[in-house]
């Protein structure tokens, strides 16, 4: 168009249509430039996925090899017996708990002095001692086997190191030096022979052990009260179950074959369903995400239980009930709270809240609350309370938006029908904006589950699945979380090691979890939106 | 009078009315409880932190805390008195007092000196990452708001922005570590931190910029186009200038977020301790490839790696106070500016 205009008018539209790059006009080029910037968000998302995979994907191969070594070096074999020993230790703990209860019974109900109470349980002590000592032959066997298996694993690791050294030398172009590095492959058959040779000894020891336990338990002293007697009966039952498991252990040992391959799926399963996250251990490293996942979920749950009523309640209040002046004051204030950096909140948790909550739990009048009193300053509750303060502004802002989107006519129609303000809010406004509120809660969850510094500082950082048998009191136990473990261990791991890759896989899980939560929130908004208007 | 009090529209005290009041008070309670919690956190840190930051003698502000590097604190008995000294001072003291050479001193790491390098590092990180994020974000918003037509591609872009906003900050940290630190080989550096933080805050900037662009009335564009200006001229002269104040103020909230995040810089840009200040480099190029100390990371270090006692509490609360003050000022500025802007432009 521009080129066809008369010459004396060209100055007006002079810049149109002269510049060409790959056949594009200047305007097209500018458009492409801006478009390119818009694509960056897609690129970044793709890059995040790519780099998480790039660093993390190798984990599953490494973990499979890790499990293979676990099997080939006989560690798995030893762990069968060790599990037996550990179960016995658990039963012994049950007995010592029973002893504490008896002493308590004697001192509190019978009003005996401590010395008298101790004398009264002397018979029980002897019984418990015999029960505890019965495991000794098994224990010495396990410690022998542990040494042997560790030695095999060590030998294997040395060989692996030498292999890497040789490969590095070859890569560096020093074949002569590489040839000097002697790599002797580990002969697992020969190495495992002594370990497998202990099977008859174990069979005898195990049989003796079972007989001894049965004898000891049958001669258990009677309990002073019915409740305690019940506990003893329970112990007898547990012991019987324990003894019934012995043949299975033996069968496991007999059929155990170190050549059995580790399926690829197991490397994956042992991560996703593994109940142990154990690193830098002398025996065997485990990378099971369950304790971390459970920790993250527990902390987020506590945070949401606190934050949802507060956030949604505040949103309803500000949107429907508050006067305009209050609104003008409250909204910026809550926005202000969202600006508090999480690391400052975490510090507040360590310095003030942890102690304050613990002191609160030790108040006598509150001892009916489950889990109170507790002694761990940093636990799920502390972290959950602080995370709630992080989630509230998110939930508040989004829920308030959702409430705001309900047309005025809904409210007016409800009032016109004679409904009170409360009825209007509960029956009309909230249901009409429910999809928005739910998605607000979900986005709040996303915010909480991805929060790092607060949980790193305040969740207690104990890598174990919390004891759910405690009921609600579980929230006073310390946990570790997915975000926390990445932040804590990433700085210390060797680059490229299996541990390093495991942390990236945890990051991957976190990434996909947050995408899923985001996706769910968007779906809910779109799907369940009441047709308004 | 009695006729007046029993008119048919009068609010009668009933169970429904009373429960309404009760439930509304519950909502009110929830709201003010949240504000109270926020206030408690603020006040606790402000009150305890101000003991470190302010002093009773002129100039009333503890200047050493703002201008010196962190060093170890030594506490010892000297001539019957308890003396506290920083590392440098203690060494000088030992030289002037030979008898002090063998004095038994308890040392507390990071508890003397100040947090100057941390403040510098935080400022550098924020300025750099916000420059990158604003450039990318504003351009992306211009495209989305001015050029794009609805379609599959744009839906994808918007979806990506939404999802990017939900990615946890620690995942950005991992990504930055994997890409910039390892793959590009930048090591722990300012540049890696800049890009990591910029990508993290990008969705916030894009959304804020788009909103401001949307607020510019359509007539501005149409008028310009009708006068024969090209699209680019229209955007440059008649759209962006009017949207810019809005973009900048909304982006301040992004700045607060960048300044407050710890997780993404933990493995990409932050050092626990660094003796040199960022401008003490041999080549100008090294400037971008050096790690820095940062306030949020320093708070993490001093609150988790050293035990709590009266000496460490000073530096803990002092750092938290300064940091919270900076972030709160940024946030307050953003909130204030936005409400003023809302009143100024009305079209």
Problem - Flag for residue B:243 being crowded, with 22+ Cβ neighbours inside 10 Å, more than 20 Å from residue A:487 (Cβ to Cβ), modelled with pLDDT of 80 or more and more than 15 Å from the chain's Cα centre (by Cα) - result: yes
Completion exercise
Cβ pairs under 6 Å, 6+ apart or interchain, first in segment A:374-393 and without any contact (Cβ under 8 Å) to a residue 12 or more places away in the chain and more than 9 Å from chain B (Cβ to nearest Cβ), second assigned to a helix (DSSP H, G or I) and buried (at least 24 other Cβ atoms within 10 Å of the Cβ), ordered by first then second residue, are none
Fill in the blank from the handout: When every residue in segment B:194-220 that is within 14 Å of chain A (Cβ to nearest Cβ) and surrounded by fewer than 20 Cβ atoms within 10 Å (Cβ to Cβ) is compared, the one farthest from residue B:256 (Cα to Cα) is B:211
Practice task
Scan segment B:37-81 for residues that are within 14 Å of chain A (Cβ to nearest Cβ), under 13 Å from residue B:112 (Cα atoms) and surrounded by fewer than 16 Cβ atoms within 10 Å (Cβ to Cβ) and jot them down.
Solution key: none
Problem - Positions within segment B:47-97 being part of a strand (DSSP E or B) and free of Cβ contacts under 8 Å to residues at least 12 places away in the same chain, in sequence order - result: B:54, B:61, B:81, B:82, B:83
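This table checks each residue for (1) surrounded by fewer than 17 Cβ atoms within 10 Å (Cβ to Cβ); (2) at the interface with another protein chain (Cβ under 10 Å from one of its Cβ atoms); (3) within 22 Å of residue A:272 (Cβ to Cβ).
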position: A:440; (1), (2), (3): no, no, no
position: A:477; (1), (2), (3): no, no, no
position: A:489; (1), (2), (3): no, no, yes
position: A:494; (1), (2), (3): yes, no, no
position: A:498; (1), (2), (3): no, no, yes
position: A:508; (1), (2), (3): no, yes, yes
position: A:521; (1), (2), (3): no, yes, no
position: A:527; (1), (2), (3): yes, no, no
Practice task
Please tell me if residue A:54 is surrounded by fewer than 17 Cβ atoms within 10 Å (Cβ to Cβ) and either within 21 Å of residue A:129 (Cα to Cα) or modelled with pLDDT of 80 or more (or both).
Solution key: yes
Exercise for the section: May I ask you to say which residue of B:172, B:153 is buried (at least 23 other Cβ atoms within 10 Å of the Cβ), assigned by TED's automatic domain parsing to the domain that holds residue B:263 and over 23 Å from residue B:247 (Cα atoms)? Expected result: B:172
Fill in the blank from the handout: Among B:339, B:303, the single one that is surrounded by fewer than 18 Cβ atoms within 10 Å (Cβ to Cβ), part of a helix (DSSP H, G or I) and either within 11 Å of another protein chain (Cβ to nearest Cβ) or touching a strand residue (DSSP E or B) at 6+ places or on another chain (Cβ under 8 Å) (or both) is B:339
Exercise for the section: Please find, among B:275, B:282, the residue that is assigned by TED's automatic domain parsing to the domain that holds residue B:323, in contact (Cβ under 8 Å) with a residue 40 or more places away in the chain, surrounded by fewer than 18 Cβ atoms within 10 Å (Cβ to Cβ) and out of contact with any strand residue (DSSP E or B) (no Cβ under 8 Å at 6 or more places or on another chain). Expected result: B:275
Exercise for the section: Any chance you could count how many residues in segment B:110-131 are under 30 Å from residue A:27 (Cβ atoms) and surrounded by fewer than 17 Cβ atoms within 10 Å (Cβ to Cβ)? Expected result: 1
Problem - Top-ranked residue in segment A:22-38 [being touching a helix residue (DSSP H, G or I) at 6+ places or on another chain (Cβ under 8 Å) and crowded, with 16+ Cβ neighbours inside 10 Å; ranked as nearest to residue B:161 (Cα to Cα)] - result: A:38
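The values are calculated or read from the model by the stated rules, or taken from the named source; none is laboratory data. Because the structure is a prediction, the values reported are computed rather than measured. A quick note on method: Cβ atoms are made from the backbone with ideal geometry, for glycine too, and the neighbour counts reach across all protein chains shown.
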